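Where a number appears in this text, it was derived from the coordinates with a stated rule and is not lab data. This one's a predicted model, so the numbers in the text were calculated from it and none came from an experiment. Here the Cβ is made from the backbone with ideal geometry for all residues, glycine too, and neighbour counts use every protein chain on show.
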Ligand code: C2E
Ligand code: CA
Ligand code: CA
């Protein structure tokens, strides 16, 4: 059932006009009555006298007919008023409510916010504006279809509604964006509501036999601290939401004035990225991977690099922006094609090439055919390509689809490695059913290897389990001789890290090859 919302302005106008008309009519009737009283009009006597004199005119019947017409007119007017009310109801429903979630739409939410601001001004209280944006919602639409996506949006809206009081407002701004408006008599009232909203992320939604989790980013702006108008508060909450999206996913951020500057720098970086994509001003670096069995370099991991105005942008930041702006597929494909091309100049016949793939790119429906095309474009043997995926790419709601994709890749001959293993969901039970070749243990374990007995135990247990599952293990981030020796001792298969070799450009690798072959 819909919330009882504030009166819409058109409805208010009609009601005011009705009151005005009633007042005018009453006044006119009163004046006419006074005149009749003063003039002592003997209307009834005259009518009676007239009807007596004109007996043949059937005055009784005429009066009755006039009376019936009057009554019919009143009934007709009443029915039309009912029609008008229904029409108004329908029009306002369409104009002010979102048809998917039945929540107030953008225009009406902002109107409600304006009214709440006026009220807060009078009562000297505060209004909190919470901007919520669902993460990765496009994937839900792409995977389950728009009808199911709409259903999910509706259920999320309903659950959001239950986190607040009846007098507060939840609106849908459009797409996957919601707005929550709270009247705060006391600042302490905000934290419990934010906690309840945040906890919605732990709930699951059942879609096509799958339990889906909905994650979101949210930002809060408060009247009067962060703005005096609905537009200003919406903008501030949007900035805080965006900040939450690019920094700490899943956190609800309170707006601060410094956020705008950070975002400006980020917008700048985004537009620089677009230019870099057009001009393809990235390059690839390659880091060697060592076999601990025979001390040979068995392959290289391709790592993208972006130099902007003479400064290297941290790769993790580049990948994050590319993901947020929807360019990750383009960048991922560029890196894959470039790595396959570069490999022809430095990769030896018995060495493998590792290429990083983000979850979002992997989830694309034509991912397998993209890989197939890239391999045939460079005539690269599939068994020498290792795609590095993080566990998050596999631990998701479309597990069967993922298994199918991995099986197709494996059938092609391509190997799959699980990147950053150990820091994510770490569900070996789930991985055992998938055609995976290698686990890359995250550098946090390698770093703690020397000092921590526990981490040494974790890695050696992992190695035992991996051997059992027919997987090979590569330790990432090896920075010292000691770490390498320990890894050797506990039976790790491969290692990668600054101690073995830092990521190097193609030119450096080719140079090294030339000098080692004595050319
Ligand atoms: P990753 O896949 O875990 O890559 C390893 C990262 O650790 C690289 O950082 C590498 O330079 C760094 N590293 C290697 N050895 C050591 C070491 O001994 N000590 C320390 N402290 N760090 C070491 P980088 O190049 O900044 O890449 C960061 C992340 O960005 C990568 O993490 C990967 O997830 C992503 N990435 C890099 N290149 C690509 C790419 O071409 N495509 C995609 N999709 N993601 C990429
Ligand atoms: Ca990697
Ligand atoms: Ca890694």
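Quick notes on this one:
- Extension gain for the segment residue 481 to residue 372, taken as residue separation times 0.36 nm less the Cα-Cα distance, is 35.3 nm to one decimal.
- Förster radius 25 Å - calculated FRET efficiency between residue 383 and residue 142 (Cβ-Cβ, nearest 0.05): 0.20
- The chain, relative contact order [Cα under 8 Å, separation at least 6], %: 9 percent
- Projecting label points 7 angstrom from Cα along Cα→Cβ for residue 80 and residue 43 puts them 2.4 nm apart.
- The residues 492, 26, 112, when put in order of fewest to most other Cβ atoms within 10 Å, stand as 26, 112, 492.
- Beta bridge orientation in the chain: antiparallel %, DSSP, nearest 5: 65 percent
- Length-normalised contact order for region 153-216 - Cα pairs under 8 Å, 6+ apart - percent: 22 percent
- With the helix formula -39500 (n - 2.57) applied to DSSP H stretches of n ≥ 4, the chain reaches a computed 222 nm mean residue ellipticity of -17500 deg cm²/dmol.
- Estimated FRET transfer efficiency when R0 is 30 angstrom, pair residue 365-residue 467 (beta carbons, to 0.05): 0.30
- Restricting attention to region 196-354, close to 75% of DSSP beta bridges with both partner residues there are antiparallel.
- Cα-based helix-to-principal-axis angle, 328-346 vs the chain, degrees rounded to 10: 10 degrees
- Taking the number of Cβ atoms within 10 Å of each Cβ as an exposure proxy, the fewest-first ranking of 346, 44, 362 is 44, 346, 362.
- Segment residue 106-residue 498, extension gain: residue separation times 0.36 nm, minus the distance between their alpha carbons: 135.9 nm
- The label point for residue 61 and the one for residue 457, both projected 7 Å from the Cα toward the Cβ, are 11.1 nm apart.
- Of 98, 401, the sequence from fewest to most neighbouring Cβ atoms within 10 angstrom is 401, 98.
- As a length-normalised measure over Cα pairs under 8 Å and 6 or more apart, the relative contact order of region 370-519 settles at 17 percent.
- The shape of the chain comes out prolate: with a ≥ b ≥ c from the C-alpha gyration tensor, a/c is at least 1.5 and a/b beats b/c.
- Acute angle (nearest 10 degrees) that the helix 59-96 long axis makes with the longest principal axis of the chain, alpha-carbon atoms: 10 degrees
- Projected label distance in nm at residue 165 and residue 246, using a 7 Å step from Cα toward the beta-carbon: 3.6 nm
- Angle in degrees between helix 43-53 and the longest Cα principal axis of the chain, rounded to the nearest 10: 60 degrees
- Additional length obtainable on full extension of the chain from residue 408 to residue 348, 0.36 nm per residue less Cα span: 19.0 nm
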